[in-house]
Every structure is written in structure tokens, then in C-alpha cells.
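Student: The structure's right below; bear with me while I get my questions together.
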Amino acid sequence: MKSFLRVFAALVPLLLAACATTPLVRNKGDAAAMAQQEAREQQLANADHWVLQGKLGIYSAQDGGSGTFTWTQDGDRYEFVFRLPISGKSYRLTGGPDGAELDGAEGGPQRGPDAESLMRRALRWEVPLDELRAWVLGLRAQGAQADLSFGDNRLPSVLLQDGWTVSYPAWDTTRQPPLPAKVFADKPPYKVKLAIESWSLQ
């Protein structure tokens, strides 16, 4: 684990350079912005099949770093593969309603009741994967109160939910409905940053 963390921490500048952005605009949504968001949420309500690729950064008070990822969502089943570009080491997280399994960690494959608790125990990562499944689409996750702010494009700029501040510095507006190009989730001392390079949404 210690050798992994040293390599992982050395990669921080890679994602920081990729994620440089202009300051976010935060407007409380007017009726038009909220209506547009509700329409997006209706259009994407059943979006549960996709392949998503890009760069991922995960940070805590002690550790942090970045690499590339591929996230395949197939209904309630998922596969999340994370790769370290220098060492070539990779982690593969798979699972669904019946639990999660992590390959690549020290000690061999590990299982847990869900992805969040498994990553917390095996890697000391705090990643709200269940909520991130909605946030990565620019949607509010179900089950917790959410507060939205919007940019000048009337798309979400900042989402506050379940103690996390989710920022959307960039959107892919060539798609209809638009999809986030960058998603930053922050719950001190934890940060999760996704720079999305390709979407394949079915």
C-alpha cells in the first residue's frame, strides 16, 4: 500500500493540469433554469447503460493522485477500471446489488457489501460511487436534499448534496441533452475529480 501511495501521489500534477478551469458562475436557478434541469432529468432518468472514459483524481488529507479510468454501467451492474500511467498498475471494481469485488489491491481480490465501503477499507478511498452515478450525468441523486446553482448556460454549476459539493466546470453541449465534461466532488478532506474524455451513452 505504501509503495502504491507514493506512486499515486506523484501523479497529482497530471490531473491538475488537465482540470484547470475558469471560475464557476453560481446563479440561483430561475424558473427557466429549473425547468430545463427537470427536462434533462426526465430525459436521463433511465440512463443506466454507458461507457465513460477519462482521467480520475482521488485525494484525501494524507494521500492523492490520478490516473485514467473506464466506467461501464450495465443496468444495476458496473465495472470501474482505474489505471496508473507510470507503473501500469490497475484496479478493477465490479459489482451490483449483491455486493462488490475489487481486483488489484494488495492481498488479492477483496469483496464487500458495496463499492463505497470496499474502497474505503481496501484503499482508503472515499468515493460516493452510488451518488456519483447520478452526478456524472449532471443529475441530483435520489434520497437526499439537493441545492442547485446554475451557470450562464442554465446548466448546473454547483450541486450541494449529502455533504458533498459537486462542481461542473465544463459541459459537452454538442450532446442533447448536454452531459458534463468535468465533475469535481468535494467533501473535506476528500476530493474526487473526473475529466471526461469520451461518453458512449446508450
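Student: For GLY143, indicate whether it is touching a helix residue (DSSP H, G or I) at 6+ places or on another chain (Cβ under 9 Å) and exposed (fewer than 15 other Cβ atoms within 10 Å of the Cβ). Lay out the reasoning, then the answer.
Tutor: On the way: touching a helix residue (DSSP H, G or I) at 6+ places or on another chain (Cβ under 9 Å): yes; exposed (fewer than 15 other Cβ atoms within 10 Å of the Cβ): yes.
Considered against the rule, which asks whether it is touching a helix residue (DSSP H, G or I) at 6+ places or on another chain (Cβ under 9 Å) and exposed (fewer than 15 other Cβ atoms within 10 Å of the Cβ), GLY143 comes out as yes.
Student: Consider the range 147-169. How many of its residues are of a type in the set (Gly, Ala, Ser) and surrounded by 19 or more Cβ atoms within 10 Å (Cβ to Cβ)?
Tutor: First, pick out the residues of the range 147-169 that are of a type in the set (Gly, Ala, Ser): 149, 151, 157, 163, 167.
Those left that are additionally surrounded by 19 or more Cβ atoms within 10 Å (Cβ to Cβ): 157, 167.
Residues that pass the stated criteria total 2.
Student: Going through TRP125, TRP135, TRP71 one at a time, which residue ends up being in contact with a strand residue (DSSP E or B) (Cβ under 6 Å, 6 or more places away or on another chain) and at pLDDT below 90?
Tutor: Numbers: TRP135 fails: at pLDDT below 90; TRP71 fails: at pLDDT below 90.
When all the criteria are applied, what remains is TRP125.
Student: Taking PHE4 and the conditions (1) farther than 19 Å from ALA181 by Cβ; (2) surrounded by 12 or more Cβ atoms within 10 Å (Cβ to Cβ); (3) modelled with pLDDT of 50 or more, which numbered condition does it fall short on, given that it satisfies the others?
Tutor: (3)
Student: Can you spot a residue in the range 118-131 that is touching a residue at least 40 places away in the same chain (Cβ under 8 Å) and farther than 20 Å from VAL192 by Cβ?
Tutor: Checked against the condition, which is being touching a residue at least 40 places away in the same chain (Cβ under 8 Å) and farther than 20 Å from VAL192 by Cβ, the range 118-131 yields no hits at all.
Student: Of the numbered conditions (1) touching a Gly at 6+ places or on another chain (Cβ under 6 Å); (2) free of Cβ contacts under 8 Å to residues at least 12 places away in the same chain; (3) of a type outside the set (Asp, Glu), GLY88 satisfies every one except a single condition; which is it?
Tutor: (1)
Student: For the range 87-186, give me every one of the strands (runs of 3 or more DSSP E) that falls completely inside it and has 2 or more residues that are over 16 Å from the mean Cα position of the chain (by Cα). Break it down into steps so the answer makes sense when it comes.
Tutor: Numbers: elements: 90-96, 99-103, 110-112, 146-150, 156-161, 164-172.
Strands (runs of 3 or more DSSP E) meeting the threshold: 90-96, 99-103, 110-112, 146-150.
Residue-wise test of (1) more than 30 Å from LYS89 (Cβ to Cβ); (2) charged (D, E, K, R).
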site: ALA122; (1), (2): no, no
site: LEU132; (1), (2): no, no
site: ASP147; (1), (2): yes, yes
site: PRO156; (1), (2): yes, no
site: TRP171; (1), (2): yes, no
site: PHE184; (1), (2): no, no
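Student: Being closer than 16 Å to LYS55 by Cα and touching a Lys or Arg at 6+ places or on another chain (Cβ under 7 Å) is the filter here, so list the residues in the range 87-104 that pass it.
Tutor: Within the range 87-104, SER90 is the sole residue that qualifies.
Student: Something else now. Just the residues that are assigned to a strand (DSSP E or B), in contact with a His (Cβ under 8 Å, 6 or more places away or on another chain) and either in contact (Cβ under 8 Å) with a residue 60 or more places away in the chain or on the phi > 0 side of the Ramachandran plot (or both), please, taken from the range 44-85. Walk me through it before giving the result.
Tutor: Residues of the range 44-85 assigned to a strand (DSSP E or B): 49-59, 64-74, 77-83.
Subsequent filtering for residues that are in contact with a His (Cβ under 8 Å, 6 or more places away or on another chain) retains 73-74.
Correct list: GLN73 only.
The values are calculated or read from the model by the stated rules, or taken from the named source; none is laboratory data. The shown structure was predicted, so the numbers you read here are calculated from the model rather than taken from an experiment. All Cβ positions, glycine included, derive from the backbone under ideal geometry; neighbour counts span all protein chains shown.
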